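Remarks on the structure that follows.
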Amino acid sequence: MQLRVMHIARSILSNWFATAAVMAVGFFLSPFIVHRLGVVAYGVWVLTISSINYMAILDLGMASSVIRFVSKGHATQDHEGSSEALSAVLWVRLQISAIILLLTGVLAVVFPHVFIVPPDLAGDARKALLIIGLTTAIGMSFGVFSSTLSALHRYDLRSYVTLTQLSIRVIGVVAVLRTGHGIVAIALCELLAATVGNCLLAYLARRTYPELTIRLKKPRWEVLRKIWSYSVYAFMVTIAVQLVYQTDNLVVGAFVSASAVTFYSIGNSLCRYTDQLVAAMTTTFTPAASTYEAAGDVSGLRALYFNGTRATMVFSLPIVATLIIRGRTFIGVWMGPQFSRTSGTVLAILAVALMFSLQNTTAGAIAFGVEKHKMLAKWSMAEAISNLVLSIVLARTIGIYGVAIGTLVPSLVIHLVLWPRYVCRLVDVGFVQVFRDVWGPVFLCAVPFAGASYLVDVLFPVHHMISFVLQTILLLPVFGIAVGIVFRDNVKRQILPRVRSYFLPNAKVGDIRP
């Protein structure tokens, strides 16, 4: 079965819109939370979240297995195979949820002794940990239904749930902070929103794929072995992601201070926002790749890589360039001038790593979709371990900047040295072709935008968010014009016909082709 361009585009748009909404809320809500809680209490809150987020590694990579086997089973009408895979993962996850609750209790006891937490916040930190642990356990069990909707390309339904959950969380957090409550009340809001959202996911997944049969009993060994053979490497990637994205805050909290976590997390959060926005686009590529692979459509798979990588780079490079060049200015008008220098420097260092890692996001999604993620898992683990060791060493000598550098160096090695060769084998193309047709042209388009951004930042300093946003909007056409010039042939052959087809629904659009 071949996926039509507009079908994939709608999935990407729906998933991206929901993720963008989450990012926007986090962006606008963060200053409110920081100023209401204070620098130290906010740092403690970040530490609690980062600590519990490590529990995500107990997923064992099974979320990816659900997407892989349910999407493949649905495409081939093997509903029994889809049901067995989903039931097996749910059975395992229910037991993992119990383990999460147990580990959360242990963590709550030792938390104030591991991190530099003020005594007056130790009790609240323990309570918040227990509540967030319960929230994580619920998400672990019900997460199979979110993966089911992803496998069916129903990102629109996932988006509705995300927006509902987001609304509950925002209303709750604002209400409790305005009435003088702290991190325990915020944790309760997270629990309520997650409970409602996960119940909706379960209902929608059953309605969307009624042929699925869920059996809460011990699955056959053959099914578990099939799932584990795929998920073991996804599990390694999950561990690596947690080490890379969550360890930095914990290292700062353990070797610097709780207040320093606030400064670091501000810069780090902007990179994570960007990463999640791009991931929202490429997440749809994993089930798409599985469907192409099941149909034996090699050319469609190759085209998915070319067009997907171009799209993610065109979307992400202006953002990353702005973070690197104008990050200090942005943080100054966003969070306050006291955070500008320190958090801005952290942001610039981390954004350099992000700039090169995002170009391989599409290839990573495809690797998962066609079960070629073994090498990705090994590299991710190597990056994570190197990141942890280097961050600890440098944190002792140069503080939070050292932690950021400890993240940058392994990332550059992986994404500039190792990934290019693997990408070429994955989609059966030459490196020269990839650089000539994808990476090189898009990076070239970003040069005029980067230069213009630097000049504007130096010549026209801003002191308000509205001014910064207006400047950025006025700069975007520089990048757009460069893209139009460099990719003028692609625009004429592919973009314009699809724009016309959007306004003229009866017009036919062919399959994705590079």
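The values are calculated or read from the model by the stated rules, or taken from the named source; none is laboratory data. The shown structure was predicted, so the numbers you read here are calculated from the model rather than taken from an experiment. Neighbour counts run over all protein chains shown; Cβ positions are idealised from the backbone, glycine included. Please note that ligands, DNA and RNA were not included when accessible areas were found on the heavy atoms of the full protein model with its side chains. Shrake-Rupley method; radii C 1.70, N 1.55, O 1.52, S 1.80 Å.
In table form, for the structure just shown:
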quantity: Any hit, the stretch 407-422, residues being of a type in the set (D, E, K, R), without any contact (Cβ under 8 Å) to a residue 12 or more places away in the chain and open to solvent by 20 Å² or more (accessible area, probe 1.4 Å); calculated: yes
quantity: Any hit, the stretch 39-57, residues being closer than 24 Å to Val232 by Cα and without any contact (Cβ under 8 Å) to a residue 24 or more places away in the chain; calculated: no
quantity: Selected residue (criterion: farthest from the chain's Cα centre (by Cα)) from residues of the stretch 98-129 that are closer than 30 Å to Leu216 by Cα and crowded, with 19+ Cβ neighbours inside 10 Å; calculated: Leu107
quantity: Matching residues, the stretch 416-447, being more than 26 Å from Glu371 (Cβ to Cβ), of a type in the set (A, V, I, L, M, F, W, C) and at pLDDT below 85; calculated: Val432, Phe435
quantity: Residues that are open to solvent by 40 Å² or more (accessible area, probe 1.4 Å) and either farther than 20 Å from Val25 by Cα or at pLDDT 85 or above (or both), drawn from the stretch 139-169; calculated: Phe142, Arg154, Tyr160, Thr162, Leu163, Thr164, Gln165, Ser167, Ile168, Arg169
quantity: In the stretch 204-221, the residues that are open to solvent by 100 Å² or more (accessible area, probe 1.4 Å) and not in a loop (DSSP other than H, G, I, E, B); calculated: Arg206, Arg207, Trp221
quantity: Among (1) open to solvent by 30 Å² or more (accessible area, probe 1.4 Å); (2) at pLDDT below 80, the one test that Tyr230 misses; calculated: (1)
quantity: Number of positions in the stretch 176-202 that are farther than 29 Å from Pro287 by Cα and open to solvent by 50 Å² or more (accessible area, probe 1.4 Å); calculated: 6
quantity: Subset of the stretch 335-360 [more than 23 Å from the chain's Cα centre (by Cα) and not in a helix (DSSP H, G or I)]; calculated: Gly336
quantity: Single residue of the stretch 254-268 satisfying the filter (open to solvent by 30 Å² or more (accessible area, probe 1.4 Å) and aliphatic (A, V, I, L, M)) that is modelled with the lowest pLDDT; calculated: Ala254
quantity: Residue within the stretch 353-363 that is of a type in the set (A, V, I, L, M, F, W, C) and surrounded by fewer than 21 Cβ atoms within 10 Å (Cβ to Cβ) present; calculated: yes
quantity: The stretch 269-290 - residue that is open to solvent by 10 Å² or more (accessible area, probe 1.4 Å) and polar (S, T, N, Q) and, of those, nearest to Ile392 (Cα to Cα); calculated: Ser269
quantity: Meets criteria (in contact with a helix residue (DSSP H, G or I) (Cβ under 8 Å, 6 or more places away or on another chain), assigned to a helix (DSSP H, G or I) and within 30 Å of Glu84 (Cα to Cα)) for Val184; calculated: no
quantity: Positions within the stretch 363-404 being closer than 19 Å to Ser71 by Cβ and either among the acidic types (Asp, Glu) or at pLDDT 85 or above (or both), in sequence order; calculated: Glu371
quantity: Some residue of the stretch 301-312 being modelled with pLDDT of 90 or more, more than 30 Å from Val25 (Cβ to Cβ), more than 21 Å from the chain's Cα centre (by Cα) and open to solvent by less than 10 Å² (accessible area, probe 1.4 Å); calculated: no
quantity: The stretch 202-219 residues that are farther than 19 Å from Ser71 by Cα and free of Cβ contacts under 8 Å to residues at least 24 places away in the same chain, paired with ones that are among the charged types (D, E, K, R) and surrounded by 14 or more Cβ atoms within 10 Å (Cβ to Cβ) (beta carbon under 6 Å, 6 or more apart); calculated: none
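Yes/no matrix, rows are residues, columns are (1) in a helix (DSSP H, G or I); (2) open to solvent by 30 Å² or more (accessible area, probe 1.4 Å); (3) within 28 Å of Ser257 (Cβ to Cβ):
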| site | (1), (2), (3) |
| --- | --- |
| Thr19 | yes, no, no |
| Gly26 | yes, no, yes |
| Ala41 | yes, no, yes |
| Ile49 | yes, yes, yes |
| Val70 | yes, no, no |
| Glu80 | yes, yes, no |
| Leu90 | yes, no, no |
| Arg93 | yes, no, no |
